[in-house]
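Participant: Pasting a structure below so you can have a look.
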Amino acid sequence: MSKLDRRKFLAASAATAGAAATLSRPAEASHGAEEGKFASSIAVLYDATKCIGCRTCMRECALVNDLPAKEREYRGLKYNMPARLDRNTFTIIQTHQEDEHDASAAGREARWSFVKKNCMHCLEPACVTACPVAALQKTPEGPVVYLEDRCFGCRYCMLACPYQVPKYEWVDRMPRVRKCDWNRACVRVCPTGALIEGPRAEMVKEAHQRIRQKPDRYVDHVYGEHEAGGASQLILAGIEHEKLGLPTLPTTVRSHVAEHIMTTLPGWIIGLGLFLGGVYRATMGKEQDNGHGPATHGRNEEAEA
Ligand code: SF4
Ligand code: SF4
Ligand code: SF4
């Protein structure tokens with residue numbers, strides 16, 4: 001679909017989004033209903049205790065997805081050092097240190113850990129439930145993928161995601177939602193085995209086995225096993241996951257949150273989409289009448305996500 005075609009689709013989508021929202025909403029999901037269904041789909045196990053923070057995974061992700069570097073300079077050397085997920089950063093390695101007061105109260109030195117964050121590829125993704133036009137879809141293999149040509153920019157997915165993963169190209173003329181589509185490049189290049197992948201049931205088993213074998217090394221929790229109905233990304237760590245900036249979530253499915261958003265957000269958002277689509281089409285018509293043809297995409301890579 002060309003960019004102009006896509007914009008026409010956006011305008012048409014805005015007009016029909018209300019109806020589509022009603023049609024696409026599944027029945028209330030039950031707690032953990034999908035865990036068995038995705039047992040043989042692919043999952044990634046990230047073991048923060050094996051991660052050395054080399055960021056090879058981030059670099060490979062940027063290369064494979066053709067994402068520009070966010071350069072920072074330190075003592076004359078330039079590093080690609082984004083601080084958090086943004087429209088050009090689909091995965092991030094962060095460093096977390098325990099609060100020193102908490103640690104000394106527990107009679108030990110403050111511990112620290114790396115943590116890798118990206119889309120969790122949830123089993124029952126709130127973003128998928130929230131999207132009125134199925135621009136986000138959970139594949140049987142595991143990844144939650146984004147279909148750019150369907151998206152009309154309502155951003156329900158951003159509101160629905162419990163991990164605050166989807167980002168938006170606010171400064172772009174043809175904005176997209178941006179997030180990890182999970183092409184598995186990061187797993188392929190990790191030099192320490194901190195990232196492994198395999199059937200989800202096996203990854204869950206492996207994670208629990210590691211905890212059993214080395215209880216002093218790990219927090220007794222496989223993050224992503226049950227959070228928000230379970231995910232295709234699992235995280236083992238030596239520090240409580242909430243101290244690594246991972247949200248504490250109920251094991252109940254978050255779909256009802258997404259549905260709540262869709263039923264309570266005002267209709268003017270859809271109306272605004274329709275209006276902007278109309279303005280854009282009028283502008284495009286003038287440009288074509290003047291012989292200029294469709295505008296170029298013209299992304300502003302410098303602006304923040
Ligand atoms: S982490 Fe957020 S964006 Fe990723 S699948 Fe889950 S709800 Fe969707
Ligand atoms: S912004 Fe998000 S919820 Fe809205 S159409 Fe695009 S992908 Fe779907
Ligand atoms: S490549 Fe592996 S070891 Fe290096 S930062 Fe990424 S997950 Fe950690």
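The values are calculated or read from the model by the stated rules, or taken from the named source; none is laboratory data. Only a predicted model underlies this, so the values are computations on that prediction, with no experimental measurement involved. Here the Cβ is made from the backbone with ideal geometry for all residues, glycine too, and neighbour counts use every protein chain on show. Ligands, DNA and RNA are excluded from the accessible area calculation, which covers all protein heavy atoms including side chains. Shrake-Rupley method; radii C 1.70, N 1.55, O 1.52, S 1.80 Å.
Participant: If we keep just the residues of the stretch 106-131 that are farther than 26 Å from CYS54 by Cβ and surrounded by fewer than 24 Cβ atoms within 10 Å (Cβ to Cβ), which is farthest from the chain's Cα centre (by Cα)?
Facilitator: In the first step, residues of the stretch 106-131 are kept if they are farther than 26 Å from CYS54 by Cβ; the result is 106-108, 122-131.
If we keep only those that are surrounded by fewer than 24 Cβ atoms within 10 Å (Cβ to Cβ) as well, we get 106-108, 128.
On the way: ALA106: 35, GLY107: 37, ARG108: 35, VAL128: 12 Å.
Among those that are farther than 26 Å from CYS54 by Cβ and surrounded by fewer than 24 Cβ atoms within 10 Å (Cβ to Cβ), it is GLY107.
Participant: Hey, another quick one. Just name the residue that is farthest from GLY224 (Cα to Cα) out of those in the stretch 40-60 that are surrounded by 19 or more Cβ atoms within 10 Å (Cβ to Cβ) and in contact with a Lys or Arg (Cβ under 6 Å, 6 or more places away or on another chain).
Facilitator: Per the stated criteria, the residue is SER41.
Participant: So, one more: Among (1) open to solvent by 10 Å² or more (accessible area, probe 1.4 Å); (2) modelled with pLDDT under 90, which single condition is ALA103 missing?
Facilitator: Unmet for ALA103, out of (1) open to solvent by 10 Å² or more (accessible area, probe 1.4 Å); (2) modelled with pLDDT under 90: (1).
Participant: Across the stretch 214-233, which residue is farthest from VAL128 (Cα to Cα) among those that are open to solvent by 70 Å² or more (accessible area, probe 1.4 Å) and in contact (Cβ under 8 Å) with a residue 60 or more places away in the chain?
Facilitator: ARG217
Yes or no, residue by residue, for (1) within 14 Å of ligand 1 (Cβ to nearest atom); (2) among the hydrophobic types (A, V, I, L, M, F, W, C):
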{"residue": "HIS101", "(1), (2)": "no, no"}
{"residue": "ALA105", "(1), (2)": "no, yes"}
{"residue": "LYS117", "(1), (2)": "yes, no"}
{"residue": "LEU123", "(1), (2)": "yes, yes"}
{"residue": "GLU141", "(1), (2)": "yes, no"}
{"residue": "VAL145", "(1), (2)": "yes, yes"}
{"residue": "CYS151", "(1), (2)": "yes, yes"}
{"residue": "VAL165", "(1), (2)": "yes, yes"}
{"residue": "TYR168", "(1), (2)": "yes, no"}
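Participant: Hey, another quick one. Going through ARG184, ARG150 one at a time, which residue ends up being more than 16 Å from ligand 3 (Cβ to nearest atom) and of a type in the set (D, E, K, R)? Don't jump to the end; show me each part of the working.
Facilitator: On the way: ARG184 fails: more than 16 Å from ligand 3 (Cβ to nearest atom).
After applying the criteria, what remains is ARG150.
Participant: Could you check, for the stretch 104-118, whether at least one of its residues is closer than 22 Å to THR252 by Cα and not aromatic (Phe, Trp, Tyr)? It would help to see each step written out before you state the result.
Facilitator: Quick first cut of the stretch 104-118, residues closer than 22 Å to THR252 by Cα only: 117-118.
The next check asks that each one be not aromatic (Phe, Trp, Tyr); those that pass are 117-118.
Yes, because at least one residue in the stretch 104-118 is closer than 22 Å to THR252 by Cα and not aromatic (Phe, Trp, Tyr).
Participant: Return the residues of the stretch 152-169 that are more than 20 Å from LYS117 (Cα to Cα) and either open to solvent by less than 10 Å² (accessible area, probe 1.4 Å) or within 15 Å of the chain's Cα centre (by Cα) (or both); say none if nothing qualifies. First the steps, then the outcome.
Facilitator: Initial filter on the stretch 152-169 (more than 20 Å from LYS117 (Cα to Cα)): 152-156.
Hits for the stretch 152-169 are ARG155, TYR156.
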